[in-house]
Amino acid sequence: MGKGMPEYDKPPVVEVVCGVLFRPLKGILAPHTGVLWERFRSTFSKCAELPLIAPSVETFDEAMQATIELTDVPPIPRLWFLSDREDRLVQFQRDRLLFNWKRVDPTDEYPHFQDVFASFQQHLGELAAFLEQAKMGEIEPRQFELTYVNHIDPAVIAGDISGLGALFPDLAWRADQPRFLRPPEDATWRISFVLPDRSGRLHATVRTLVDASTARPLIRFELTARGIGADKTVAAMPAWFATAHEWIVRGFADLTHLKVQKTAWGRRDV
């Protein structure tokens, strides 16, 4: 943790995702994925198939065009390897690996970034060992990614969407004069910031939605850092993630109201 980084007794975070996008592993075929799952199966006893995630690469070169690598190898689906409680998840496809921690019960405690990142490193190491044993090459990172998903009860702003400015001071519904429009039914807000040395961007998104499990309204506040530094090796990964984590923590504190941080989430400055 960086000096002066705030911590919270009851953070609203419900999911953390660490990921790496790498050059496609063209040598991996569908039969190999079963062998790969065996390396994870003692911890991740369940599996599922999902559609592929399309690459979304941060670039600062406006002239650079997105490139599509043509291959004769048929696609294989994105694979989920899930723990028994489904609170931990490894996602794999030919060009990426992600590790998710998810809060599946309101009493689940957030394990903190260091633990989530250590698990991600462990599982990435498992993939690297598998590739080495199968003589399929090495992981060549193209981009790293860190995402924090927060679910916020609208009660912290008296339950009215027009009061979003009380939670996000930079997003306010003006109510200081008569208006033709009534308070909005829902809202979406996006903003992005450049990371130091143009090593990526921090994206912040606020959405109002309804919790499918409880049918109650909630505010989804998502912070995602994506990018890569000048050193594009796996060895440089911890330094990039340390920066990304600091920007997400400080960004959360910067974009939400200090009063709500203290009263709703028990902010502590360390």
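Residue count for the stretch 170-214 satisfying the condition of being touching a residue at least 40 places away in the same chain (Cβ under 8 Å) and in a loop (DSSP other than H, G, I, E, B): 5.
Inspect all residues belonging to the stretch 30-49 and state whether any of them is within 30 Å of GLN261 (Cβ to Cβ) and outside any strand (DSSP E or B). No, there is no match, as no residue in the stretch 30-49 is within 30 Å of GLN261 (Cβ to Cβ) and outside any strand (DSSP E or B). Contact map, the stretch 246-267: first residue assigned to a loop (DSSP other than H, G, I, E, B), second residue crowded, with 19+ Cβ neighbours inside 10 Å, Cβ cut-off under 7 Å, separation 6 or more or different chains; pairs are THR256/LEU167; THR256/PHE168; HIS257/LEU167.
Restrict the check to the stretch 143-156 and report whether at least one residue is without any contact (Cβ under 8 Å) to a residue 60 or more places away in the chain, among the aliphatic types (A, V, I, L, M) and surrounded by fewer than 15 Cβ atoms within 10 Å (Cβ to Cβ). First the steps, then the outcome.
Of the stretch 143-156, the ones without any contact (Cβ under 8 Å) to a residue 60 or more places away in the chain are 155.
Restricting the remaining residues to those that are among the aliphatic types (A, V, I, L, M) gives 155.
Filter once more, keeping what is surrounded by fewer than 15 Cβ atoms within 10 Å (Cβ to Cβ): 155.
Yes, the stretch 143-156 contains a residue that is without any contact (Cβ under 8 Å) to a residue 60 or more places away in the chain, among the aliphatic types (A, V, I, L, M) and surrounded by fewer than 15 Cβ atoms within 10 Å (Cβ to Cβ).
Within the stretch 232-270, the set of residues being surrounded by fewer than 18 Cβ atoms within 10 Å (Cβ to Cβ), closer than 27 Å to ALA166 by Cβ and touching a strand residue (DSSP E or B) at 6+ places or on another chain (Cβ under 6 Å) comprises ALA253, GLY266, ARG268, ASP269, VAL270.
For the stretch 4-57, the set of residues classified as free of Cβ contacts under 8 Å to residues at least 24 places away in the same chain and either surrounded by 12 or more Cβ atoms within 10 Å (Cβ to Cβ) or over 30 Å from ARG220 (Cβ atoms) (or both) consists of PRO31, GLY34, GLU38, SER42, listed by residue number. Residues of the stretch 98-146 that are closer than 19 Å to LEU79 by Cβ, hydrophobic (A, V, I, L, M, F, W, C), in a helix (DSSP H, G or I) and out of contact with any helix residue (DSSP H, G or I) (no Cβ under 6 Å at 6 or more places or on another chain): PHE120, LEU124, LEU127, ALA128, ALA129, LEU131. Any residue at all in the stretch 147-163 that's under 23 Å from the mean Cα position of the chain (by Cα), part of a loop (DSSP other than H, G, I, E, B) and closer than 30 Å to GLY27 by Cα? No: zero hits.
No lab work stands behind these numbers, since they all come straight from the coordinates. Nothing here was measured: the structure is a model prediction, and the numbers come from that model. Methodologically, a virtual Cβ is constructed for each residue, glycine included, from the backbone with ideal geometry; neighbour enumeration extends over all protein chains shown.
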